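The values are calculated or read from the model by the stated rules, or taken from the named source; none is laboratory data. Remember, it's a predicted structure, so these values are computed and weren't measured experimentally. Note: ideal-geometry Cβ built from the backbone for every residue, glycine included; neighbour counts use all protein chains shown. Note: areas computed on protein heavy atoms with side chains; ligands, DNA, RNA excluded. Shrake-Rupley method; radii C 1.70, N 1.55, O 1.52, S 1.80 Å.
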Amino acid sequence: MTSYVAAIDQGTTSTRCMIFNHEGRVVSVDQREHEQIFPKAGWVEHNAEEIWENTRRVAAGALAKADLTASDIAAVGITNQRETALVWDKTTGKPVYNAIVWQDTRTDKIVTELGNLGGGQERYREKVGLPLATYFSGPKVKWILDNVEGAREKAEAGDLIFGNMDTWVLWNMTGGADGGVHVTDPTNASRTMLMDLDTLQWDAEIAGEMGIPLSMLPEIRSSSEEYGKVREKGALAGVPIAGILGDQQAATFGQACLSPGEAKNTYGTGNFMLLNTGTEKVMSQNGLLTTVCYKIGSNDTIYALEGSIAVTGSLVQWLRDNLGMISTAAEIEEHARSVEDNGGAYFVPAFSGLFAPYWRSDARGAIVGLTRFVNKGHLARAVLEATAFQSREVIDAMNADSGVPLKSLKVDGGMVVNELLMQFQADILGVPVIRPVVAETTALGAAYAAGLAVGFWKSEDDIRNNWAKDKQWDPSMDEARRESEYRNWKKAVTKTFDWVSEDD
Ligand SMILES: Nc1ncnc2c1ncn2[C@@H]1O[C@H](COP(=O)(O)OP(=O)(O)O)[C@@H](O)[C@H]1O
Ligand SMILES: O=P(O)(O)OC[C@H](O)CO
């Protein structure tokens, strides 16, 4: 009897396997962090083989914790950190280089050169919905082909293949060099800069400009259908893999934002707000991305507007790992509660430049407003407030693009346990912030996509019915203070611009 659905959530900091029951509640979870590799300033890499090993271990771990076997699981869904790019040899299964992570800025020059062909940052926007930026996968693949010895020749000979982490996990789970399936879904493909948003096919012209052979690219299938079964070796042997969604789109699905106008904000390593725009592909005038939200089987493609923020939870990690100012992420709330406010300090974490709504790769992080008055508590507050201010900027852009101001915000992700942050978020937005019972909406969304494909859940109504509110924070800050805080933040942001110059 198959009473559960599993999801593999291959995130930026860790890989999780979560098992859900029919009500969409978590039955078990196993999780392993992987190493963050920083070879140079601005470079961020992951060891893809470590990630695949962690995937195997967490799948076994989650089953064992719930005392289940593969025969209890109806389907597996995959969700993943998006844009992180990997090139590997399809005959040996070995990556030719570490995975280049979405936060990595090494492709700055490539991106500028592509823009100089005409159109600047907007060169590919009409087709792919994205500005030219270091964030996306295509330029990262070009960097690997240009810089790893022999890679371009091997790619042209058809020996190397590319994938984001969904494709890497799927290919390995379905047998790797021994018959692995080389597939992705439109949500992930829409983050490469290589997929046409209307046709959901690779764009030969853009791939040509980036020097990427089409033969390297995975087949684009829907987000919810059976791609293959888990290989015989391993914990989930024989279970159909039937859902793929990039993690932010998965969270949108898991939050039941299934109608146009519904939005969620996920607080993880970075923050990502997505607004479901239905079958309409809205082109942003305010620095947001147009992206595929999901495509369930042969149903119409659903699109989203997205505000991506590179650094939010990772700023808390930075305080813990690089400065040793706290020993656990949760400790930041204690320090922040020791003071009334930020003491005049604002921390703009432009560690990977600034993403939405600015798209400034020349920006770098800054703490401004420092005086001798500022102490550890004020800095802790400034760190948390940075997440809320950045989210306000994205929501302002979304309100401007959609013309319909958001009335409330659904939130999820690792940071939403932080109650001080949630209250400040409601205060600085001026609308209620709502957390669902299952805040692990990323894994849940991938489970839903897989479960729908095999008939475990019958329709999107099952997803809507499973959603339940846990807690709500209402705004309590007066308007004048809200706006003066926000003005200060905006001023602080301008201090980070023009830091990196062309010769750096
Ligand atoms: N209590 C907390 N307060 C603030 N930030 C937190 C707290 N607990 C975890 N975080 C942050 O949340 C992030 C992890 O969230 P998660 O959704 O698991 O990330 P991801 O999916 O990006 O790997 C980390 O960056 C961590 O610093
Ligand atoms: O791993 P997360 O949750 O921080 O998500 C990363 C995003 O997919 C990057 O676009």
Would you point out the residue of segment 177-210, among those that are at pLDDT 95 or above and on the phi > 0 side of the Ramachandran plot, that is farthest from the chain's Cα centre (by Cα)? Leu200
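Of all residues in segment 18-36, which are outside any loop (DSSP other than H, G, I, E, B) and either within 15 Å of ligand 2 (Cβ to nearest atom) or aromatic (Phe, Trp, Tyr) (or both)?
Restricting attention to segment 18-36, the residues satisfying the condition of being outside any loop (DSSP other than H, G, I, E, B) are 18-20, 26-33.
Correct list: Met18, Phe20, Gln31, Arg32, Glu33.
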Could you list all residues from segment 264-312 that are at pLDDT 95 or above, among the polar types (S, T, N, Q) and touching a Cys at 6+ places or on another chain (Cβ under 9 Å)? Thr301
When you scan segment 42-80, how many residues do you find that are part of a loop (DSSP other than H, G, I, E, B), of a type outside the set (A, V, I, L, M, F, W, C) and within 29 Å of Ala157 (Cα to Cα)? 1
Odd one out for Arg464 among (1) within 23 Å of Phe272 (Cβ to Cβ); (2) away from ligand 2 (no atom under 16 Å from the Cβ); (3) crowded, with 18+ Cβ neighbours inside 10 Å: (3)
Those residues that are touching a strand residue (DSSP E or B) at 6+ places or on another chain (Cβ under 6 Å) and among the aliphatic types (A, V, I, L, M), I need them from segment 140-163; list them, please. Val141, Ile144, Leu160
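Name the residue, out of Leu305, Leu319, Leu258, that is buried (at least 24 other Cβ atoms within 10 Å of the Cβ) and out of contact with any Phe, Trp or Tyr (no Cβ under 6 Å at 6 or more places or on another chain).
Working: Leu319 fails: buried (at least 24 other Cβ atoms within 10 Å of the Cβ); Leu258 fails: buried (at least 24 other Cβ atoms within 10 Å of the Cβ).
Checking each option against the conditions leaves just Leu305.
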Quick one: count up the residues across segment 94-108 that are in contact with a Phe, Trp or Tyr (Cβ under 7 Å, 6 or more places away or on another chain), part of a loop (DSSP other than H, G, I, E, B) and surrounded by fewer than 24 Cβ atoms within 10 Å (Cβ to Cβ). 3
Looking at Ala85 and the list (1) crowded, with 20+ Cβ neighbours inside 10 Å; (2) closer than 16 Å to Thr192 by Cα; (3) hydrophobic (A, V, I, L, M, F, W, C); (4) in contact with a Pro (Cβ under 7 Å, 6 or more places away or on another chain), which single condition is not satisfied? (4)
Enumeration of residues in segment 367-376 that are open to solvent by 50 Å² or more (accessible area, probe 1.4 Å) and not in a loop (DSSP other than H, G, I, E, B): Ile367, Lys376
I'm trying to understand the selection: among the residues of segment 1-51, which are under 27 Å from Ala70 (Cα atoms) and aromatic (Phe, Trp, Tyr)? Tyr4, Phe20
Identify, please: which residue in segment 322-352 is open to solvent by less than 20 Å² (accessible area, probe 1.4 Å) and aromatic (Phe, Trp, Tyr) and is, among those, farthest from the chain's Cα centre (by Cα)? Tyr346
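Quick one: which of Thr184, Thr107, Thr134, Thr174 is out of contact with any helix residue (DSSP H, G or I) (no Cβ under 9 Å at 6 or more places or on another chain) and touching a residue at least 12 places away in the same chain (Cβ under 8 Å)?
Numbers: Thr184 fails: out of contact with any helix residue (DSSP H, G or I) (no Cβ under 9 Å at 6 or more places or on another chain); Thr107 fails: out of contact with any helix residue (DSSP H, G or I) (no Cβ under 9 Å at 6 or more places or on another chain); Thr134 fails: out of contact with any helix residue (DSSP H, G or I) (no Cβ under 9 Å at 6 or more places or on another chain).
Within the list Thr184, Thr107, Thr134, Thr174, the selection yields Thr174.
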Which count do you get for residues in segment 253-269 that are assigned to a loop (DSSP other than H, G, I, E, B) and under 13 Å from the mean Cα position of the chain (by Cα)? 2
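Across segment 266-297, which residue is surrounded by the most Cβ atoms within 10 Å (Cβ to Cβ) among those that are of a type in the set (S, T, N, Q) and under 17 Å from Gln81 (Cβ atoms)?
So in segment 266-297, the residues of a type in the set (S, T, N, Q) come out as 266, 269, 271, 276-277, 279, 284-286, 290-291.
Checking which are under 17 Å from Gln81 (Cβ atoms) leaves us with 266, 269, 271, 291.
Numbers: Thr266: 29, Thr269: 27, Asn271: 26, Thr291: 25.
Filtering segment 266-297 for residues that are of a type in the set (S, T, N, Q) and under 17 Å from Gln81 (Cβ atoms), the one surrounded by the most Cβ atoms within 10 Å (Cβ to Cβ) comes out as Thr266.
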So is Lys376 more than 23 Å from the chain's Cα centre (by Cα) and under 17 Å from Asp474 (Cα atoms) or not? no
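Yes/no per residue for (1) within 13 Å of ligand 1 (Cβ to nearest atom); (2) at pLDDT below 95; (3) over 30 Å from Trp143 (Cα atoms); (4) out of contact with any Cys (no Cβ under 9 Å at 6 or more places or on another chain):
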site	(1), (2), (3), (4)
Asp9	yes, no, no, no
Ser14	yes, yes, no, yes
Arg25	no, yes, yes, yes
Arg32	yes, no, no, yes
Gln36	yes, yes, no, yes
Ala41	no, yes, no, yes
Asn47	no, no, no, yes
